[in-house]
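The values are calculated or read from the model by the stated rules, or taken from the named source; none is laboratory data. From a predicted model like this one, the values you see are computed outputs, not experimental measurements. As a convention, Cβ positions derive from the backbone with ideal geometry for all residues, glycine included, and neighbour counts pool all protein chains shown.
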């Protein structure tokens, strides 16, 4: 476990373990970065939608979403603004769980996923990333509900699981805060930051920051 009072020593250790991608620095804080205001959320009317290239569109209430089997995941997260945070712990629902529980079934034509969030914000990822073990729709961080400025009540989270070199690791922006739905698509299209010039794939190990 890394010590929050030994940032430089912890950074050197993480780098020696191959856990810091090129151009990244370790932080023991959790910086808050997003575009626009923090939304106010009414959980009584909140819904989560799944549509597009699926057998049948689905809409879940907050209560229904929280009745799904939960996953706890520890991973390192890497922001495009060059900070990294290791050993973060998230709890929530995986996309794979939604499929295994019969909530929805993607069609064979579903090759990409658009995450839709509050205020019309969007983030695109390949379907194989959404279905991988290092992508989670998280409700909790470090044992507590996610705070509003970090995406309450639900956010997409993507990061690196140490030792799992088989998993694609995009920069942290590829998980949308204030997540409200997943649109499954035949063809890729850019999300908010990709339209602004950020790299479409955003692989942290290749330092794919900008297109």
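For segment 1-106, please list each of the strands (runs of 3 or more DSSP E) lying entirely inside it that holds at least 3 residues being in contact (Cβ under 8 Å) with a residue 24 or more places away in the chain.
47-52, 71-78, 83-93
Out of 43, 33, I need the residue that is closer than 16 Å to residue 117 by Cα, loosely packed, with under 14 Cβ neighbours inside 10 Å and in contact with a helix residue (DSSP H, G or I) (Cβ under 7 Å, 6 or more places away or on another chain). Which one?
43
How about segment 125-146: which of its residues are in contact (Cβ under 8 Å) with a residue 60 or more places away in the chain and within 18 Å of residue 108 (Cα to Cα)?
Residue satisfying the conditions is 126 alone.
Please work out if residue 61 is surrounded by fewer than 18 Cβ atoms within 10 Å (Cβ to Cβ), within 16 Å of residue 155 (Cβ to Cβ) and modelled with pLDDT of 95 or more.
Numbers: surrounded by fewer than 18 Cβ atoms within 10 Å (Cβ to Cβ): yes; within 16 Å of residue 155 (Cβ to Cβ): no; modelled with pLDDT of 95 or more: yes.
No: the conditions fail for residue 61.
Considering only residues that are over 14 Å from residue 184 (Cα atoms) and either loosely packed, with under 14 Cβ neighbours inside 10 Å or at pLDDT below 95 (or both), which ones fall in segment 46-58?
Hit for segment 46-58 is 47, nothing else.
Is it true that some residue in segment 120-137 is in contact with a helix residue (DSSP H, G or I) (Cβ under 7 Å, 6 or more places away or on another chain), surrounded by fewer than 23 Cβ atoms within 10 Å (Cβ to Cβ) and closer than 26 Å to residue 10 by Cα?
no
Just give me the residues in segment 162-211 being part of a loop (DSSP other than H, G, I, E, B) and in contact with a helix residue (DSSP H, G or I) (Cβ under 6 Å, 6 or more places away or on another chain), in sequence order.
Passing the criteria: 168, 178, 200, 202.
Can you say whether residue 156 is surrounded by 19 or more Cβ atoms within 10 Å (Cβ to Cβ), within 16 Å of residue 74 (Cα to Cα) and under 14 Å from the mean Cα position of the chain (by Cα), as far as the supplied structure shows?
Answer is yes for this residue.
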